[in-house]
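The values are calculated or read from the model by the stated rules, or taken from the named source; none is laboratory data. What you are looking at is a predicted structure, and each value in this text was computed from that prediction instead of being measured. Here the Cβ positions follow ideal geometry from the backbone for every residue, glycine too, while neighbour counts run over all protein chains shown.
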Amino acid sequence: MNTTEQGCIRIDLEKRLGSIKAMNAVNNGPSKARSDQTVSNFDAYATLEIPYARLHDAAHCHAYGGWHSVDITGVFPDFAAEAENPKSYDFTLTDEYLENIRLARTEPFYRLGQSIEHWIKKYGVNPPRDYHKWAVICEHVIRHYNEGWANGFHWNIQYWEIWNEPDLVPASDGRPSATWNGTPEQFIDFFTVVATHLKQCFPYLKIGGPALGYDFAFGERLLKHCREHNVALDFFSWHHYGVSIGRLVELAGLARELMVKCGYGEAESILNEYNYVRGWTTEWPYSLECESGSRNYKGAAYVAAAMSALQRTSLDMLMFYDARVGCGMNNMFHLTSQEPLRGYYPFLAWAKLRRLGTEVAVTTENLPDIYATAAVGKDGSIGMLVTHYTDNDDLVAPKLVTLQLPEALRGKTPLCHLTDHIRMYTQIFPKVSADGTLTLKMLPNSFIYIEWSGK
């Protein structure tokens, strides 16, 4: 097979760029087997050293407790009950779920609100009857997990996100919004009340939101209103599903510009839902094939490319949607066996980069669609993730990628693992020339993790 254009990647070990960011966070945690009739991905999940697991849509998974866990309607089922009474709360299944997440060495990122409701009648996504009472309920959820209230814990969970996708519009068939069945004005008032109350109660925790679906104009209205009412926000969260890495980078810049414009330039910018999606209607089956189906290698390459590209933006955290057990958008674990898929391995590679800790400069020459990140450890060990991602299915020829190695790496034998449509994190042995170059032949939608020992 002929190769397409050739190009070069150069590593500059002397140019240190700061820490490798938490680009390998996810939505949702592991499952643990309860009987002979269940399977588990707990050990494989724990191996990834996932920094944060956002809890959104956990209610759609019976392994996490279903509709009796996480959501406010799950932990506080009767809104007419007393918010200060421990007997009004049902924490049992949420306790178990969060404990499993923490046992996997992952920190919960608690979304206060409701899972998406696609059905024609809405239950939990309607505006609460009493905004302040809803805030007080959330206060007691936080006290349960961080202060031991109601036979709770002292877990010091830092991130508390208010709601999810309030800007999602009604469906084309006339069904109301699946995430906020109210007006924008109602949500802005609601968010202001809740954020103000929680920040007054917990000034040392990270309170934010709103997990914006797509509408930055809505986000601007919300942030301006919060600023006018002196609401202290610690992070602004937003979502994007698509096929273009360039668009992800552009949106990260736009999100930061919006935050600065509205007076929240010092807050964290968190993209806490993303995945490969070519379209939500006729292209949806194809998108699922790229996530958990036969084209899983393409979705995996998109994830790996996104991690590298967004590492160099002002984004503070990236969270994949979704690691949820049994979810069709989970390109990390098989739907039924829960065995690792190709989408598991960008997270394994990024965990190794984060373990090394310090990003070093990488430049690419004449290599469109190639994304690379390198890191160095305290012992001199080097790791590098190189990804070839493209949404053009007509491209089949590999790219010839040459790594121009610095003097410190010449003569050292690298350990290389390749993932593409043929191989899944398979060791390969690329040619290393005497002049300090390493040559890689990369098929479209593939990635390689390369390691050099510091010894």
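Quick check: anything in the range 49-57 in a loop (DSSP other than H, G, I, E, B) and surrounded by fewer than 17 Cβ atoms within 10 Å (Cβ to Cβ)?
There is no residue in the range 49-57 that is in a loop (DSSP other than H, G, I, E, B) and surrounded by fewer than 17 Cβ atoms within 10 Å (Cβ to Cβ).
So is Phe429 outside the structural domain of Arg278 (by TED's automatic domain parsing), among the aromatic types (Phe, Trp, Tyr) and within 22 Å of Met307 (Cβ to Cβ) or not?
Taking the combined requirement at face value, the residue does not satisfy it.
State all residues of the range 99-127 that are among the aliphatic types (A, V, I, L, M), surrounded by 16 or more Cβ atoms within 10 Å (Cβ to Cβ) and assigned to a loop (DSSP other than H, G, I, E, B); if no residue qualifies, say none.
If the condition is that a residue be among the aliphatic types (A, V, I, L, M), surrounded by 16 or more Cβ atoms within 10 Å (Cβ to Cβ) and assigned to a loop (DSSP other than H, G, I, E, B), then Ala104, Ile116, Val125 are the ones that fit.
In the range 169-185, how many are out of contact with any helix residue (DSSP H, G or I) (no Cβ under 8 Å at 6 or more places or on another chain), over 18 Å from Thr73 (Cβ atoms) and not small (Gly, Ala, Ser)?
Residues meeting the conditions: 6.
Take the residues in the range 410-420 that are surrounded by fewer than 18 Cβ atoms within 10 Å (Cβ to Cβ) and either modelled with pLDDT of 90 or more or not charged (D, E, K, R) (or both); name whichever of them is farthest from the chain's Cα centre (by Cα).
Here the residue is Gly411.
Can Glu257 be described as surrounded by fewer than 15 Cβ atoms within 10 Å (Cβ to Cβ), on the phi < 0 side of the Ramachandran plot and in contact with a helix residue (DSSP H, G or I) (Cβ under 9 Å, 6 or more places away or on another chain)?
Spelling it out, it is not the case that Glu257 is surrounded by fewer than 15 Cβ atoms within 10 Å (Cβ to Cβ), on the phi < 0 side of the Ramachandran plot and in contact with a helix residue (DSSP H, G or I) (Cβ under 9 Å, 6 or more places away or on another chain).
Scan the range 257-285 for residues that are in a helix (DSSP H, G or I) and either in contact with a Lys or Arg (Cβ under 6 Å, 6 or more places away or on another chain) or of a type in the set (A, V, I, L, M) (or both) and jot them down.
Going through the range 257-285, the residues in a helix (DSSP H, G or I) turn out to be 257-261, 284-285.
If the condition is that a residue be in a helix (DSSP H, G or I) and either in contact with a Lys or Arg (Cβ under 6 Å, 6 or more places away or on another chain) or of a type in the set (A, V, I, L, M) (or both), then Leu258, Met259, Val260 are the ones that fit.
Quick check on this structure: which one of Phe191, Phe236 is assigned to a helix (DSSP H, G or I) and of a type in the set (Phe, Trp, Tyr)?
Phe191
Name the single residue that is farthest from the chain's Cα centre (by Cα) among those in the range 236-254 being surrounded by 21 or more Cβ atoms within 10 Å (Cβ to Cβ) and more than 19 Å from Tyr302 (Cβ to Cβ).
Within the range 236-254, the match that is farthest from the chain's Cα centre (by Cα) is Phe236.
May I ask you to verify whether Thr402 is in contact (Cβ under 8 Å) with a residue 12 or more places away in the chain, farther than 20 Å from Ala349 by Cβ and outside the structural domain of Arg278 (by TED's automatic domain parsing)?
yes
Mind listing whichever residues of the range 158-185 are among the hydrophobic types (A, V, I, L, M, F, W, C) and out of contact with any Leu (no Cβ under 8 Å at 6 or more places or on another chain)?
Leu168, Val169, Ala171
Looking only at residues in the range 431-440 that are surrounded by fewer than 17 Cβ atoms within 10 Å (Cβ to Cβ) and not β-branched (Val, Ile, Thr), which one is nearest to Val303 (Cα to Cα)? Even if it seems obvious, please write down each step before you answer.
Start the filter on the range 431-440 by keeping residues that are surrounded by fewer than 17 Cβ atoms within 10 Å (Cβ to Cβ), which leaves 431, 433-437, 439.
Now drop any that are not not β-branched (Val, Ile, Thr), which leaves 431, 433-436.
Values: Lys431: 27, Ser433: 31, Ala434: 34, Asp435: 33, Gly436: 30 Å.
Top of the filtered list is Lys431.
Residue check: is Thr437 under 24 Å from Met23 (Cβ atoms) and not assigned by TED's automatic domain parsing to the domain that holds Ile245?
On the way: under 24 Å from Met23 (Cβ atoms): no; not assigned by TED's automatic domain parsing to the domain that holds Ile245: yes.
Considered against the rule, which asks whether it is under 24 Å from Met23 (Cβ atoms) and not assigned by TED's automatic domain parsing to the domain that holds Ile245, Thr437 comes out as no.
When you look at Thr73, is it under 21 Å from the mean Cα position of the chain (by Cα), among the polar types (S, T, N, Q) and crowded, with 18+ Cβ neighbours inside 10 Å, yes or no?
So Thr73 fails the test.
If a residue has to be surrounded by fewer than 20 Cβ atoms within 10 Å (Cβ to Cβ) and closer than 19 Å to Lys206 by Cβ to count, how many in the range 158-184 make the cut?
1
With the requirement that a residue be surrounded by 16 or more Cβ atoms within 10 Å (Cβ to Cβ), without any contact (Cβ under 8 Å) to a residue 60 or more places away in the chain and closer than 20 Å to Val136 by Cβ, what does the range 197-227 give you?
Of everything in the range 197-227, those that are surrounded by 16 or more Cβ atoms within 10 Å (Cβ to Cβ), without any contact (Cβ under 8 Å) to a residue 60 or more places away in the chain and closer than 20 Å to Val136 by Cβ turn out to be Lys199, Ile207, Gly209, Pro210, Cys226.
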